[in-house]
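Inspection log for the structure reproduced underneath, given as structure tokens.
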Amino acid sequence: MRLEPVSSDEPRVVLRALRGAVLGAGPAVALGAPAGLPRDVPPGTAVVLTTSGSTGVPKSVALSRAALTSSALATARRIGEGQWLLPLAGGYIAGVQVMVRALVAGRDPAILAGRFTADAFVHAASGMRSFEGGARVPTFTSLVPAQLLTLVDAAERDPRAAAALAGFEAILVGGQRLPDALRDRALALGARVVRTYGSTETSGGCVYDGVPLDGVRAADVGGELRIAGPTLADGYLGDPERTAAAFVTDPSGVRWYRTGDAGVFSGGVVTVTGRIDNVIVSGGVNVSLDRVEHAVREVPGLSAAVVVGALHPRWGATPVVVVEGAAPDGALAAARDAAERAIGKPARPDRVVTVAAMPRLASGKPDRRALTDMLAA
């Protein structure tokens, strides 16, 4: 099957290409394609999405038509069917899946074009009202936590934004950990927020509010979460060694994706504690920066803070809190107290650093590598 590179800058162009790749005979769609990517892919391939995630190392994930549609259908069974609003980049798996869910349901998604703002979201949401058989068609959308924070901040001041948030049947929120405090603020406004967990390799979110979607299996092996089921990617195009390392088959023949995330699966519920490799050694003690960030984000005014590691002359390395704009008064003391209560003294941040604008990846996630390099410089 032929692989056709498509620019992800214009969501409507991506949507047209996905219509042929998912519902038709192709060609397969390459999003974010680097130079040298093979032009032919195995039959059944729908999308090859090249992403560096948070590691900075590019990887081209091959997703089949079956995997993408399995994910879309499982989502519909879990939260219902209706019309989707796309406020995410077209070259990001969450954005791709919004389009696929809409296409599988036979409806084009509403698209929020241009820069994401609360006003733009309200305008796009207000144009989605439609009826079938006299009943209003339910609406759905997918956000990253930074977008949800923008909307919640606006909704607490503006009734129009609050009504837009509360008008969705479900709002999927993923891409990074959703702070409990932000989720509670959204719920208080009437928003029906669903925490999602997944990656490009699992066709996007495959665990909703801790519970795997139908057909998806989860396990923890040596403290690492693994995922199995029909939503798994075929592997990394042109990289058999990386594919073999990330996708493993157990003695019973079940194929699993090694997520690289630390966590547990118990009682049918997935709990993620952070990235296995996002750890520093501070004073001889291993400290998970993800756990520190989780604790810090529960502090009022720090719900969008990012925690990265930085070298320290005495301790070797320490957590550092990075905040966009101004930090609230007493932010460092509150962050240190929160981290110590949750984890212990070695987890206390060394300082709070403010930046005019948080560097972000194309997916909307904070660019942790850029922040780490900034602190090192």
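Coordinate-derived values only; no laboratory data. Keep in mind that this is a model prediction, so the values were computed, not measured. Note that we place each Cβ from the backbone using ideal geometry, even for glycine, and neighbour counts take in every protein chain shown.
Brief remarks on what is shown
- Neighbour counts of C-beta atoms inside 10 Å place Glu132, Glu10, Glu293 in the sequence Glu132, Glu10, Glu293, starting with the fewest.
- The stretch between Val285 and Ala66 holds 74.4 nm of extra length on full extension. This uses 0.36 nm per residue minus the Cα-Cα distance.
- Computed over region 287-377, relative contact order equals 28 percent, with contacts defined as Cα pairs under 8 Å that lie 6+ residues apart.
- Approximating the spin labels as points 7 Å out from Cα along Cα→Cβ, the Leu23-to-Arg255 distance works out to 2.7 nm.
- Along region 159-164 the Karplus relation, 6.51 cos²θ - 1.76 cosθ + 1.60 evaluated at θ = phi - 60°, assigns HN-Hα couplings of x, 5, 5, 5, 5, 5 Hz to successive residues, with x for each Gly and Pro.
- Of the residues His312, His123, the one with the fewest other Cβ atoms within 10 Å heads the list, and the complete ranking is His123, His312.
- The chain: most fluctuating residue of Gly330, Gly114, Gly316 per GNM, C-alpha cutoff 10 Å: Gly330
- With R₀ fixed at 41 Å, the C-beta to C-beta distance from Ala188 to Glu132 puts the FRET efficiency at about 0.85.
- Using C-alpha pairs under 8 Å with a sequence gap of at least 6, the mean separation divided by the residue count of the chain gives a relative contact order of 12 percent.
- Cβ-based charge dipole, region 278-376, positive-most Cα from Val352, Ala333, Leu375: Leu375
- Ellipticity estimate at 222 nm from DSSP helix runs (n ≥ 4, -39,500 (n - 2.57)) divided over the chain, nearest 500: -8500 deg cm²/dmol
- Order of Arg297, Arg129 under a 10 Å beta carbon neighbour criterion, fewest first: Arg129, Arg297
- In the elastic network of the chain, a GNM with C-alpha springs shorter than 10 Å, the most mobile of Val173, Val264, Val98 is Val264.
- Charge-dipole axis of the chain as Lys and Arg at +1 and Asp and Glu at -1 on Cβ define it, positive-most pick from Pro34, Gly253, Gln83: Gln83
- Share, in percent, of DSSP beta bridges within region 65-200 that are antiparallel, nearest 5: 15 percent
- The chain shape via C-alpha gyration tensor axes, a/c threshold 1.5: oblate
- Computed over the chain with a Gaussian network model linking Cα atoms closer than 10 Å, the most mobile of Pro240, Pro366, Pro42 is Pro240.
- For region 91-108, Karplus couplings with θ = phi - 60° (6.51, -1.76, 1.60), whole Hz, Gly/Pro x: x, 10, 4, 5, x, 4, 5, 4, 5, 5, 4, 5, 5, 4, 7, x, 10, 6
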